[in-house]
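The values are calculated or read from the model by the stated rules, or taken from the named source; none is laboratory data. Here the structure is a predicted model, which is why all the values come from computation and not from measurement. Accessible surface areas use protein heavy atoms only, side chains included; no ligands, DNA or RNA. Shrake-Rupley method; radii C 1.70, N 1.55, O 1.52, S 1.80 Å.
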Amino acid sequence: MKNSIYYTAQEVAQMLGISRGHAYKIVKNLNVELQQQGYITIAGRVPKKYLREHYYGLTIEQEAELLTN
């Protein structure tokens, strides 16, 4: 599903250059924030827009480039 509105923890790890385990912790923390705001979340996935808003300097173009390499 290429046009998903979510990133998996594996994609987050690849984009940020971190381990998959650390990416899962980041995704979990972002999902906790979303749950506190009343949103329903999916374990191991984070909305693309929410990740962009919470990581300084991460643009759509950079995301596409990092995921294709």
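Given their separation in residues at 0.36 nm each and the Cα-Cα distance between them, S19 and Y39 gain 4.5 nm when the chain is fully extended. Of the whole protein surface, V46 contributes about 0 Å² of accessible area at a 1.4 Å probe radius. For the range 1-44, just say rounded, prolate or oblate: build the C-alpha gyration tensor, square-root its eigenvalues into a ≥ b ≥ c, call rounded for a/c under 1.5, and beyond that prolate if a/b exceeds b/c, oblate if not. Taking the square roots of the gyration eigenvalues as a ≥ b ≥ c, the range 1-44 is oblate.
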